[in-house]
Amino acid sequence: MGQELSYIIVECGSKTARLQLDSFPILIGRDPANSIAIDDDEASRFHLKIKKRLSTHIVHDLNSKNGTLLNGKRISNTVLKNNDILTIGKTRLTFFCTVSIEQSIASQLLEGKEVRFEHYTRISVQQLCSKGEASIDERAMQALCLKMTRIYSIDLLASKIIIYAKKQMPNCAGATFSLWDEEHQQLVVAAQRYWRGNHARSSKALVQVISRRCAILASNKNMQVVILPVLLFAKVPIAMLQLQFHTRQDLTMLATIQLLLQRIVSHIEMLSRRNAMQRWSISMVNSIAKIIEEKDTYTMGHSQRVSNYVAGIAATLGLDDDTTHNLKASALCHDVGKVGIPDSILKKGGMLDHDEYEEMKLHPVLGADIVSHLPNAKSFVSGIMYHHERWDGTGYPDGLEGESIPFFARIIAVADSFDAMISGRSYSGFMHPKDAVAKLAQSKDIYDPEILAAFVKAYRNDLINLKSDTVVKKL
Ligand SMILES: [Fe+2]
């Protein structure tokens, strides 16, 4: 049985996004404090909640003004299943809980949902390609491939592929681009546009595509679905593009789409592997953060808040997405080494004596060692190892000074101290955030002055999120 992965595709106007559901409950609504905040004036501020009990997902409407529709019917409290469509105002949310294709087929047969297409026809893409190649503008295709291989987000690349397919075949009613997870035998939707009906309705055809390594046209009197596999070395399936049509189609233009997919197959594979690795690392990092919270209840929510603050500093400094994600992971794990500190020291009410303090000072080194086993540890371990170093060289473990302190550590140091001040863990007791920011702003000898300035700016621009209920969703 495959590992479960749940996510939601949000479609609102021309915007679409895929959001992985890592931590429950999930709150959805207009208010920015929601786990998924939607820009839809017909949605209530806090519209609905998705909870998870064992492996069951439950959706609750939070007495919203305009109600919540599940597959077109108004609901208040019900179980959410794979491929269910929730409608909130103008926003469409498609829920996915991935299972293996075989499981998916079995569950649909049990529920009588499987739609049997009348015909399953193998499409010879090779033939189409040889027909289509003559009509292809080679220079335009090369330029397109170059553009596609400069995209480093699999979700964005998948969206671009769908847009290109729709441009080539304007009658296409809906499209889905999914990654094939060979290890777990699962399809993971990376992007989807205007797809109507049950996503897995063509699962029988999908099995054929996977097992026969060929493109399939599945059709009945209402619909045609083309499933185009992306094959590495012409035999290893790594992704699939599905196109939905309501009328009979000339499939010649599939050739150009197939050519594009063939030429960027290595790039898709690289991004797909990176995506899988990141998913694994995200769940590890979140587990680590939970372990720290369990161990050190005194600092409940601290790691998550610090992770939120560094995101605000990163936005102000203009850091790119990848760097920001690594920085957030580093902040989330910065105190992980505390799992190696005895409870008698960690949970001591009063001041630590000299020996106890020396023991406590080991936590950055212990933390760095713990995360060093993660596959992408190099990208965020510096923030864990050096977050107690100080700009003037008075910190630990190595007494580094100025810019010799790694960049992530300099940012986490500011965010960490701010949280200590506002949560009463500093010698000054509880401080109002505004006072804490003012006090930090005067500590230019202790913290990197440029990062301090960015922090103050972020706070003034409302980018310092003081809540502690978020988790890292991307690395
Ligand atoms: Fe620390």
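Here is a yes/no grid of residues against (1) closer than 25 Å to Gln20 by Cβ; (2) modelled with pLDDT of 85 or more; (3) part of a helix (DSSP H, G or I):
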{"position": "Ser202", "(1), (2), (3)": "yes, no, yes"}
{"position": "Ile216", "(1), (2), (3)": "no, yes, no"}
{"position": "Ile282", "(1), (2), (3)": "yes, no, yes"}
{"position": "Ser303", "(1), (2), (3)": "yes, yes, yes"}
{"position": "Tyr309", "(1), (2), (3)": "yes, yes, yes"}
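Quick grid of which residues meet (1) over 18 Å from Ile162 (Cα atoms); (2) touching a strand residue (DSSP E or B) at 6+ places or on another chain (Cβ under 6 Å); (3) surrounded by fewer than 20 Cβ atoms within 10 Å (Cβ to Cβ); (4) not aliphatic (A, V, I, L, M):
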{"position": "Ser219", "(1), (2), (3), (4)": "yes, yes, yes, yes"}
{"position": "Met223", "(1), (2), (3), (4)": "yes, no, yes, no"}
{"position": "Thr252", "(1), (2), (3), (4)": "no, no, yes, yes"}
{"position": "Val265", "(1), (2), (3), (4)": "no, yes, yes, no"}
{"position": "Met270", "(1), (2), (3), (4)": "yes, no, yes, no"}
{"position": "Ala276", "(1), (2), (3), (4)": "yes, no, yes, no"}
{"position": "Ser283", "(1), (2), (3), (4)": "yes, no, yes, yes"}
{"position": "Ala289", "(1), (2), (3), (4)": "yes, no, no, no"}
{"position": "Glu293", "(1), (2), (3), (4)": "yes, no, yes, yes"}
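Out of Leu352, Leu400, report the one residue that is in a loop (DSSP other than H, G, I, E, B), loosely packed, with under 15 Cβ neighbours inside 10 Å and within 16 Å of the ligand (Cβ to nearest atom).
Leu352
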Within region 82-119, work out how many residues are at pLDDT 80 or above and surrounded by fewer than 16 Cβ atoms within 10 Å (Cβ to Cβ). 2
Do the conditions hold for Ser287, that is, is it of a type outside the set (D, E, K, R) and closer than 21 Å to Asp181 by Cα? no
Among Ser330, Ser344, Ser372, Ser379, which is the only one that is more than 34 Å from the chain's Cα centre (by Cα) and either under 19 Å from Asp296 (Cα atoms) or away from the ligand (no atom under 15 Å from the Cβ) (or both)? Ser344
One residue from Ala329, Ala289 being under 18 Å from Ser23 (Cα atoms), in contact with a Cys (Cβ under 9 Å, 6 or more places away or on another chain) and of a type in the set (Gly, Ala, Ser): Ala289
Among the residues of region 285-297, which ones are within 17 Å of the chain's Cα centre (by Cα), touching a residue at least 40 places away in the same chain (Cβ under 8 Å) and over 10 Å from Ala329 (Cα atoms)? none
Of everything in region 83-94 that's touching a His at 6+ places or on another chain (Cβ under 8 Å) and among the polar types (S, T, N, Q), which residue is nearest to Arg193 (Cα to Cα)? Thr94
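If you check Ser6, Ser35, Ser55, which single one turns out to be at pLDDT below 90, polar (S, T, N, Q) and surrounded by fewer than 17 Cβ atoms within 10 Å (Cβ to Cβ)?
Unique residue meeting the criteria: Ser55.
The values are calculated or read from the model by the stated rules, or taken from the named source; none is laboratory data. Remember, it's a predicted structure, so these values are computed and weren't measured experimentally. Glycine also receives a Cβ, built like all others from the backbone with ideal geometry; neighbour counts cover every protein chain displayed.
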